[in-house]
Amino acid sequence: MGNIVAIVGRPNVGKSTLYNRLVGERDAIMDDQSGVTRDNHYGRAEWQGNFFAVIDTGGYVKGSEDVFEEAIRDKVEVAIEEASVILFMVDIKTGVTGLDQDFANVLRKSEKPVIVVANKTDMHDKIYLAAEFHSLGFKEIFPVSSENGLGTGDLLEEIVKHFETEGVEDPYAHLPKIAILGRPNAGKSSLLNFLTGSERSIVTDIPGTTRDAVFTHYNAYGKEFILTDTAGLRRKSRLKDNIEFYSNLRTIKAMEDADVCIVMIDAGRGFEAQDMNIVALAQNHKKGVVILVNKWDLIQKETNTARDWEREIRARLSGMAHIPIVFTSITEKVRIMKAIEIAIQVYEDRASKIPTSKLNEKLLPEIERNPPPSYRDKHIKIKYITQLSAKTPAFALFCNFPNHIKDPYKRFIENKLRHHFGLNGVPVSIIFKKK
């Protein structure tokens, strides 16, 4: 991953605010409520030609019995292990606390470069207060205000001194980006953790555990891609507070950034209206889609149970019935890699370019056998087909009366394209143009 900067510290010292300033966007959720960030959150940043990744971590609490805080500690330790440079954030207004001292003991064991960032230094006359933090045992103390940017330039100058290389702007630009979407508690974080072999996302039985999108580079079994675990998408009427609202926004942004969306369904609840809404949202944004029916091990089965489920889901999907459906169990490790293989195939189909000669060779005979209905006793003749230059498959069919070809015939052409060239799970655009 190249140069990595991890922002760590106790809860509510401003880690997410600094993260947002470094990556240049409001990417992490911020709130005055302690413990808003749970999973590690990854972004990209640059300073004077030096490119690096930034990890925003949850607030580190030692000795807590809270299930989330125990899991957050594990995530912080992962970030420390991955980091090239560690930013240890403290609050200049509250001074050194027992939690700061406990955390300092943890960081000294890491043998990584540690920079103490004394946050909430809103005015120059408060800078002298930062001297107190030398008692934590680290040489570098940088007073900053992550809210208004005071001192962040000097901090960045110090950070890049520790990099061995300048890094690259986006080392993963060429890789497929796959987002895991679904309602809360469908098993999204469990899928990420299984694939990465680590507890990258916090997993509990409490719906809504994941709040931010969790970015992971996956490279195993001959597969390489960027995987994003997201917060469960709830209906607007179910959003209880600002944190859930912004979690929804982060999930939608992760979907917009993705090439392919894996939509996870909880088999115990069936394919419900909100699942349909999530699939439709991904398709409307021109994303490839794979449906994963998870927790399949909990369903009592007969000979044709999977077939009957698939028929019912496809009937509900209607115009999106081309989307692949995989029945899986994360806990039982059933058909997980099959789902990933299908997602990669959807990515490749979404980016595929079909030669004009092949399009005409396959589709013109189909059109000749089933021509479009006549317009005012005049035959509509389609002469030529070509693929347009676009991010997702788009095809132009040249004919004499393009404005008079109706949607049913457009669906006929789409079905024939899928029959001959795959494109399952891929949004397809069809345009009729004047010859």
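The values are calculated or read from the model by the stated rules, or taken from the named source; none is laboratory data. Quantities reported herein were computed from a predicted structural model and do not represent experimental measurements. Please note: Cβ atoms are built from the backbone with ideal geometry, for glycine as well, and neighbour counts cover all protein chains shown. With ligands, DNA and RNA removed, areas are computed over all heavy atoms of the protein, side chains included. Shrake-Rupley method; radii C 1.70, N 1.55, O 1.52, S 1.80 Å.
Cβ-Cβ under 7 Å, sequence separation 6+ or interchain: first residue in the range 354-383 and farther than 17 Å from residue 418 by Cβ, partner hydroxyl-bearing (Ser, Thr, Tyr) and open to solvent by less than 70 Å² (accessible area, probe 1.4 Å). Which pairs? Close Cβ pairs (under 7 Å, with a partner that is hydroxyl-bearing (Ser, Thr, Tyr) and open to solvent by less than 70 Å² (accessible area, probe 1.4 Å)) amount to 356/386; 372/409; 380/374.
Note on the range 377-435: residues that are on the phi > 0 side of the Ramachandran plot and hydrophobic (A, V, I, L, M, F, W, C) total 1.
Could you say whether any residue in the range 149-165 is among the hydrophobic types (A, V, I, L, M, F, W, C) and farther than 16 Å from residue 5 by Cβ? There is at least one residue in the range 149-165 that is among the hydrophobic types (A, V, I, L, M, F, W, C) and farther than 16 Å from residue 5 by Cβ. Cβ-Cβ contacts under 6 Å between residues 6 or more apart (or on different chains), taken from a first residue in the range 414-435 that is over 20 Å from residue 383 (Cβ atoms) to a second residue that is open to solvent by 40 Å² or more (accessible area, probe 1.4 Å) and of a type in the set (A, V, I, L, M, F, W, C), are absent. Residue 358 meets all of the listed conditions (1) at pLDDT 95 or above; (2) within 30 Å of residue 262 (Cβ to Cβ); (3) open to solvent by less than 30 Å² (accessible area, probe 1.4 Å) but one, namely (3).
For the residues 431, 342, the requirement of being farther than 19 Å from residue 323 by Cα, at pLDDT 90 or above and surrounded by 12 or more Cβ atoms within 10 Å (Cβ to Cβ) singles out 431. Residues in the range 376-422 that are in contact with a Pro (Cβ under 6 Å, 6 or more places away or on another chain) and not polar (S, T, N, Q): 380, 405, 409. Scan the range 287-305 and tell me whether some residue there is of a type in the set (Ser, Thr, Tyr), over 20 Å from the mean Cα position of the chain (by Cα) and not in a helix (DSSP H, G or I). Yes, the range 287-305 contains at least one residue that is of a type in the set (Ser, Thr, Tyr), over 20 Å from the mean Cα position of the chain (by Cα) and not in a helix (DSSP H, G or I).
Scanning the range 237-260 for residues that are assigned to a loop (DSSP other than H, G, I, E, B) and modelled with pLDDT of 60 or more turns up at least one hit.
The residue pairs whose first member lies in the range 1-19 and is within 9 Å of residue 56 (Cβ to Cβ), whose second member is of a type outside the set (S, T, N, Q) and part of a loop (DSSP other than H, G, I, E, B), and whose beta carbons are closer than 6 Å, counting only pairs six or more residues apart or on different chains, are 6/83; 16/28; 16/30; 19/28.
Just to be sure before I move on: is residue 21 modelled with pLDDT of 50 or more, closer than 19 Å to residue 151 by Cβ and among the basic types (Lys, Arg) in the structure I sent? Yes; evaluated as a whole, the condition is true for this residue. When the range 253-280 is filtered for residues that are open to solvent by 20 Å² or more (accessible area, probe 1.4 Å) and closer than 19 Å to residue 227 by Cα, the ones remaining, listed by number, are 253, 256, 257, 259.
Residue pairs whose Cβ atoms lie under 7 Å apart, separated by 6 or more positions or on different chains, with the first residue in the range 123-150 and under 21 Å from residue 104 (Cβ atoms) and modelled with pLDDT of 90 or more and the second of a type in the set (S, T, N, Q) and open to solvent by less than 30 Å² (accessible area, probe 1.4 Å), are 143/121; 144/119; 144/121; 144/152.
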